[in-house]
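The values are calculated or read from the model by the stated rules, or taken from the named source; none is laboratory data. Keep in mind the model is a prediction, meaning the values are calculated, not measured. Cβ atoms come from the backbone with ideal geometry, glycine included; neighbour counts cover every protein chain shown. For the accessible areas, the whole protein counts, side chains as well, though only heavy atoms, and no ligand, DNA or RNA atoms are used. Shrake-Rupley method; radii C 1.70, N 1.55, O 1.52, S 1.80 Å.
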Amino acid sequence: LDIKKMLTPIRNEHYLSVVTPKEFGEILYKLWEYTDLQKNGWPHGPTPFVAYALRALPYLALRPGEVRNMKWDWIKEETLIIPPAQMKMKKEFHVPLSRQVLEILKEIKPLTGNSDYVFSGRTGKVMASGSINSGLIQAGIGDQTKAHGFRASFRTLTVEELDADWQVVERCLAHTPPGALADTYDRAQFLSKRRVLMQNWADYIDESRKNAAR
């Protein structure tokens, strides 16, 4: 059984991504160093809004636009509930939030809690579209991955390193698995399994970047 053939392709060839464990840990280490606001805070480093968004991005495995447009009222009981229109889907999409993401939300809440948007800029409006990729460039990893590339990292490493069920991985990416049973799988949200996977993925991210620092 060739798992890779069963996974929905991420079609845009311009999305750079890292899909090997060693390189993934290395780019995470660089990203966390850049977004350490105690070392590199504004004005010499990223704004808090960009820094927190950059850290949340790998954990969430969402498209960068979905991260930039995240709203506080989408968060319900440790789950991000994205409206259908934002996802270009027929129904809302549920994203289980790991402990690490919940901690990021807790830290940024005093800064953006009065805005609609979680990662709003200083004006309280949605973050500029190029902010995340610009941050990756400033972190020194823009030639290895783009914001969208973290989805490819998630798709590959959860299967190959965490031995995750490909159907659960696909649902985490809001993909409908191919084949005759696609409609059945589309209706099956696998929420409990996805919650376990998203936490395992967040723990894997932390372990990977810590290993790269040794």
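Results, tabulated for the structure shown:
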item	result
Selected residue (criterion: farthest from Arg151 (Cα to Cα)) from residues of region 44-68 that are part of a helix (DSSP H, G or I) and in contact with a Gly (Cβ under 6 Å, 6 or more places away or on another chain)	Phe49
Residue selected from region 13-43 under the condition open to solvent by less than 50 Å² (accessible area, probe 1.4 Å) and either of a type in the set (Ser, Thr, Tyr) or assigned to a loop (DSSP other than H, G, I, E, B) (or both), by the criterion modelled with the lowest pLDDT	Gly41
Residue within region 58-66 that is in contact with a Lys or Arg (Cβ under 7 Å, 6 or more places away or on another chain), among the small types (Gly, Ala, Ser) and either touching a residue at least 24 places away in the same chain (Cβ under 8 Å) or open to solvent by 40 Å² or more (accessible area, probe 1.4 Å) (or both) present	yes
Filter pass, Met70 being open to solvent by less than 40 Å² (accessible area, probe 1.4 Å) and either at positive phi or at pLDDT below 95 (or both)	no
Criterion (surrounded by fewer than 21 Cβ atoms within 10 Å (Cβ to Cβ), closer than 18 Å to Arg171 by Cβ, hydrophobic (A, V, I, L, M, F, W, C) and at pLDDT 95 or above) met by exactly one of Ile75, Ile137, Ile81	Ile81
Filter pass, Leu157 being modelled with pLDDT of 95 or more and part of a helix (DSSP H, G or I)	yes
